[in-house]
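Step one of this worksheet: look at the structure below.
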Amino acid sequence: IRLARGFTKRDKIVKFEGCYHGHADSLLVKAGSGAATFDVPDSAGVPSDFARHTLTLPLNDFDALDAVNWREIACAIIEPVPANMGLIPLKPGFLEKLRTMTRDGGALLILDEVMSGFRVAKGGATELYGISGDLTTLGKIIGGGLPVGAFGGRAEIMDCLAPTGPVYQAGTLSGNPLAMAAGIATLEELFKHGNYQKLEQLSASLADELKTIVPGHHARVGSKFCVFFTNTPVVDYVTAKTSDTAKYSRYFHAMLEHGVYLAPSQFEVGFMSLAHTPEDIEATLCAAREAVKAL
């Protein structure tokens, strides 16, 4: 965010309701009570002045994109595979329109691939959808289980970073050798021939069968999947919140009793991995058949 502001020499940023991008003050902001209001802090300790520079838009709302004066925006940040309010795929054309409007308005597009990078394709959502951001953030999987984060982008933007440019960036543990070694080993394993095809097959075999067992709104993108306990089509934060969290809790505990540990929150997602086997999938499906009886 700082780099985007430094490069564009603008202050305002755009984010999308329900997407999570870490706990920087500028991003812990939620939408105000109406289209004409300033956004408001979403956490204690965040000054209201910070929120004045953040515009929070509803996800998958094309009209909301049209209402923004992009020539005063430094950047828009989005999860190309939103997965912090459950899994909500972007509507066809939404990311393309956001890319066009940011480019035409001189704003940067930041793709937050912390959760989708190397999970939905070798090249992440950027490869899956064929749309590149000006900046991309990565994390989680690239550390092989150790803490690490990374970002990159166009050379002319990255050149603005210190020590070659005026935008400050530094870290005591940046490039930690142990985390780098673990991350490289993980990526080397992922990049072995056929592994992403295998991951897709495993993910589809589980998610497709779960649709026939567990009632609700199901979603999957690559190795990421979830089920919302609602009869309402889930397309944004508001519709995600129609989910019956008490019902999901019963499902979670019933699955746990049958030996399967799911994400404990209705609004988290499941991940398939190369360590899972067809036997693991069948065990999960058997557990689900029993768990739904408790609903």
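State the number of residues belonging to the stretch 66-93 that are touching a Phe, Trp or Tyr at 6+ places or on another chain (Cβ under 9 Å) and of a type in the set (D, E, K, R). Count: 2. Here the strands (runs of 3 or more DSSP E) wholly within the stretch 51-161 that include at least 2 residues being surrounded by fewer than 19 Cβ atoms within 10 Å (Cβ to Cβ) are 149-153. Residue by residue through the stretch 249-269, note down the ones that are under 22 Å from the mean Cα position of the chain (by Cα), within 12 Å of PHE228 (Cα to Cα) and of a type outside the set (S, T, N, Q). Result: PHE267, GLU268, VAL269.
Touching a Lys or Arg at 6+ places or on another chain (Cβ under 8 Å) and buried (at least 18 other Cβ atoms within 10 Å of the Cβ), is that true of PHE225? Here the answer is no, as PHE225 does not meet what is asked.
Matching residues to (1) acidic (Asp, Glu); (2) closer than 23 Å to VAL120 by Cβ; (3) not assigned by TED's automatic domain parsing to the domain that holds GLY143:
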site	(1), (2), (3)
PRO177	no, no, no
GLY216	no, yes, yes
ARG220	no, yes, yes
SER223	no, yes, yes
VAL238	no, no, yes
TYR261	no, yes, yes
ALA275	no, yes, yes
CYS286	no, no, yes
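For THR212, are the conditions met, namely being among the polar types (S, T, N, Q) and touching a residue at least 12 places away in the same chain (Cβ under 8 Å)? Considered against the rule, which asks whether it is among the polar types (S, T, N, Q) and touching a residue at least 12 places away in the same chain (Cβ under 8 Å), THR212 comes out as no. If GLY165 meets every condition in (1) outside the structural domain of ALA83 (by TED's automatic domain parsing); (2) surrounded by 14 or more Cβ atoms within 10 Å (Cβ to Cβ); (3) not in a helix (DSSP H, G or I) apart from one, which number is that one? GLY165 satisfies every listed condition except (1). The set of residues from the stretch 16-46 being within 12 Å of ILE77 (Cβ to Cβ) and at pLDDT below 95 comprises CYS19, TYR20, HIS21, GLY22, ALA24, SER26, LEU27, VAL29. Can you name every residue in the stretch 170-180 that is surrounded by 14 or more Cβ atoms within 10 Å (Cβ to Cβ) and in a loop (DSSP other than H, G, I, E, B)? Selection gives ASN176 alone.
Among the listed residues ARG250, ARG220, which satisfies the condition of being basic (Lys, Arg) and either surrounded by fewer than 18 Cβ atoms within 10 Å (Cβ to Cβ) or modelled with pLDDT under 95 (or both)? Answer to the check: ARG250.
Quick check on the stretch 288-295. Is at least one of its residues part of a loop (DSSP other than H, G, I, E, B) and β-branched (Val, Ile, Thr)? Looking through the stretch 288-295, none of the residues is part of a loop (DSSP other than H, G, I, E, B) and β-branched (Val, Ile, Thr).
Scanning the stretch 108-125 for any residue that is over 21 Å from VAL235 (Cα atoms) and polar (S, T, N, Q) turns up nothing.
Restricting GLY106, GLY144, GLY117 to those that are without any contact (Cβ under 8 Å) to a residue 40 or more places away in the chain and outside the structural domain of VAL238 (by TED's automatic domain parsing) reduces the list to GLY117.
The values are calculated or read from the model by the stated rules, or taken from the named source; none is laboratory data. The shown structure was predicted, so the numbers you read here are calculated from the model rather than taken from an experiment. FYI the Cβ positions are ideal-geometry reconstructions off the backbone, even for glycines, and counts take in every protein chain you see.
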